[in-house]
Every structure is written in C-alpha cells, then in structure tokens.
Amino acid sequence: MLNKFLTILAVLVMNVSVGLVAEANAVTISNEPTMSVGTRAGTNSDVTVIKTATNTNKTATILFVNDANTTYDKAIEKKITEDITKTLKLRGYTCVDGKTFIKKFNQLGIGDLTTAEREDYATVFKGSNLGYSIYVEVMPITVREKSTMLSKGRIVSATVVFRIMDLKTNKYIYTDRFAERVSDSSMVGSVGNRSVTMSAINRINKQIRAILNERM
C-alpha cells in the first residue's frame, strides 16, 4: 500500500514539474521581440526591421525625394504625399513637412538619403519630438512605346523606395521598394505618358496605404 502511494506521489510531482517548465518556456518565447532582417534599398548593408510599431507618438514627417525625371514630377509628388498624409490623418497622425529635415541631411554631407545611417537619423531628428519618419523616393520613370497595326500605346515602369523609421527606437519598422509596370493603348490617337504613369503611381499608393495601415 505504501509503495503504491509513493508511486502515485512521484507521478504527481513529475507532472507538476513538467507543467512549470512548459509554462516558463512559453513565457520566454512570448517575450522575444518579433524581428526580421531586410536589405536596405540602394545599399548592400543590412538593417534591422521591427515588424510592429510600439511608438505611441502619433506624429510623422515625409522625406520625399523625386528622381522621376518627368515633366510632371510635381504632380507625382502631390499624388503620393497627399495620399500618405490622408492615410495617416485617418489613423490619428499629425504630419510635418520633411523638407527642413532633408536639408539637415544635406548639411551633414548626405545627398543620397538611402546611404544615411541610423546615427544620422538620430542627429537630424534630435529634439524634434517626432514619432516617425517616412522616406519615399521615386526612381526614374521609364517609358516605352508599343504599337500594332491598329493601336499605339505606352508601357511605363515606376519604382518607389519606401521606408518607415521609428524615431523613438531609431529602428526601421519597414523598408522595401514597390515596382509597377503599366501599359495602355488606344486605337485613336495616342496615349499620354502622364496618364499611364499616374496609373502606376496609383497602384503603388495602394500598396503604401496597406503598409501604413498594417505597421502604424
């Protein structure tokens, strides 16, 4: 009888020990930060990307660089920046013009912001009390003509570098580039470069909106 009691007691102690170990492991896993490593667009160095934002400071600035090299660059800039601003305002953010901060990067000798390091961001935004910086760079737009016996048209390729930096932690929460290729044609007259380009920009804006809603 005593042996049977001791056997049951040993089994109970073992089960409790296993349960405590499993619980401790679960707590350890849940406390690990969720991170992934991405490649900085335009460079060969790696950056750490935090998948979810933890900064509650709902202020952001847009660092916009336009290398589209078109006759309607201002229209492209307006289309993208207004869309980002509208999306952020709907999420309760206040947006600040980024031109002053771009000048500060330039004063540090950084003309190409894709080469800016996290330390450079810390220097430029020191004392700004901003929560996030959103970097947008429109790469050169390429246009090719296409034609058949019955129609003429355009094929436009657009690429936009997009990054979100959490200025509280001085870490990226997103970095990528979006590329869209859009074609259009007409049987009467010709299709303008601008209309096809704007179609590509609209597609990119849709992707940017999705990231802003997901990450911020």
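No lab work stands behind these numbers, since they all come straight from the coordinates. The shown structure was predicted, so the numbers you read here are calculated from the model rather than taken from an experiment. Neighbour counts are summed over all protein chains in view; Cβ atoms, including those assigned to glycine, are modelled from backbone coordinates with ideal geometry.
Some points to look at:
- For 154, 144, the sequence from fewest to most other C-beta atoms within 10 Å is 144, 154.
- Shape analysis of the stretch 84-152 places it in the oblate category; the axes a ≥ b ≥ c from the Cα gyration tensor give an a/c of at least 1.5, with a/b not above b/c.
- Backbone amide hydrogens, once placed in the peptide plane, bring residue 65 within less than 5 Å of 136, 137, 138, excluding anything fewer than 5 places away on its chain.
- Formal net charge of residues neighbouring residue 209 (Cβ-Cβ distance under 13 Å; K, R +1; D, E -1): +4
- Summarising the label geometry, the points placed 7 Å from Cα in the beta-carbon direction at residue 145 and residue 107 lie 4.8 nm from one another.
- As a proxy for reagent exposure, ranking 81, 71 by other Cβ atoms within 10 Å from fewest up yields 71, 81.
- Above-threshold pairs, the threshold being 26 Å between Cα atoms, out of 78/206; 74/171; 89/126; 58/103; 126/206: 74/171; 126/206
- Distance between modelled label sites at residue 207 and residue 59, nm, 7 Å Cα→Cβ extension: 3.1 nm
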